[in-house]
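**Student:** This is the structure, below, for whatever I ask next.
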Amino acid sequence: MELFKNNPLEALKYAIPLDSDGVTRGGHMGQFTLSKRWMDFSLFGGGANWSGGSAVLPDSAFNKLYTQYLKTAQELTNQKEYKKAAFVYLKLLKNYPMAAQSLERGLLYSEAASVYLKYCNDKAKAAHCYEQGNMPVEAIELYKELGDNEKVGDLYTSIQRYQEALGYYQKVVDSYVDQHKHVKAALLYKNKMNNAAAAQLVLLEGWRSNSDAFNCLNNYFAAIEDEKQRWSAIQAIYREDVNDKSSETFIRVLRHEYENAPSFAEEVKDMAYEVIVRQAASNPNIVSELRYFNQKDKQIVKDIMRFKMNVKQQKK
């Protein structure tokens, strides 16, 4: 302890590991001699310079050592001596997560990954370290084990192994479709696989299977930048896909197009009227959608209420 006050780095060479293979708590003193225990501050492999055996210290001595080691590790961190701080955490305090974090702070990503793997069994953090340290091949293998196929695809893309990337991206797409997450699947097709046509097809599949239908159809139309082509696509969907079950969702999509496509807003309004009129008898609530296409008409709300009341009275 006196040596720590005067020369902390020299003191570390004599420092006693706490617990596991060094000092343990206890009420009886075991044999202990002050001798140099560490040849250097190596984290792995050699470095140790004593032949085993444990000393048993009373709680007061154990706690003093623990407090001093922790203080020394913090001081080394403040001095940006991250590897030496990691040595204290790893070899003396047996605090493996803090050892790895200290190495990360020092941008020693390979060493940090090794600590996460060997001592923490944390493949996710190890993979992240390899990724941060520009070691994509090592990161890829761990992400494969973790089942993070999108990250594997990203890393293959980063090293220009595009065919392998596409294979892993496709696994993610298939998983999204199985989970009825068609919009996510479409975004991956478009943004990472450069396959806009496949993105549109998967959005149509989501619309037709009523899996997040509104967002699927809304994104499908939004991807068609040319307004003439978009209006043609809207007409095709109206002719082929709109039925009693999908009418309300289709109207919601038309509302969005009415607000954002002035070049064919009137045509959209007429189409919405047709859908509403056709469904009004069986679904009176759909008439409420009229107000979104006639926001300046103050009378429309009263007309809608009157219509609904008449329908209720007729049913009685």
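No lab work stands behind these numbers, since they all come straight from the coordinates. Owing to the predicted nature of the structure, the values given are computational and were not obtained by experimental measurement. Using ideal geometry, Cβ is built from the backbone for each residue, glycine included, and neighbour counts are taken over all protein chains shown.
**Student:** To make sure I understand, if each residue's beta carbon is the centre and we count other beta carbons within 10 Å, what order do His182, His256, His128 fall in, fewest to most?
**Tutor:** Least crowded to most crowded, the residues run His256, His128, His182.
**Student:** Using θ = phi - 60° and the Karplus form 6.51 cos²θ - 1.76 cosθ + 1.60, what ³J(HN,Hα) does each residue of segment 261-276 get, whole Hz, x for Gly and Pro?
**Tutor:** 3J(HN,Hα) across segment 261-276, in whole Hz: 10, x, 5, 10, 4, 5, 5, 5, 4, 4, 5, 4, 4, 4, 5, 5.
**Student:** Under a plain spin-label model, where a point goes 7 Å from the Cα along Cα-to-Cβ, how far apart in nm are Ser42 and Asn78?
**Tutor:** 3.2 nm
**Student:** Would you mind getting me the FRET efficiency between Ser158 and Tyr238? Use the beta-carbon distance for r and R0 = 45 Å, nearest 0.05.
**Tutor:** Computed FRET efficiency for Ser158 and Tyr238: 0.55.
**Student:** Starting from the Cα of Arg278, step 7 Å along the direction of its Cβ; do the same at Leu70; then give the gap between the two resulting points in nm.
**Tutor:** With each label point 7 Å from Cα toward Cβ, the separation is 7.2 nm.
**Student:** Would you list the P(r) distribution for segment 82-158, with all Cα-Cα distances sorted into 10 Å bins from 0 and each bin expressed as a whole %?
**Tutor:** Result, from short to long distances: 23, 48, 23, 6, 0 percent.
**Student:** Arrange Ile276, Ile140 by Cβ neighbour counts within 10 Å, fewest through most, would you?
**Tutor:** Fewest to most other Cβ atoms nearby, the residues stand as Ile276, Ile140.
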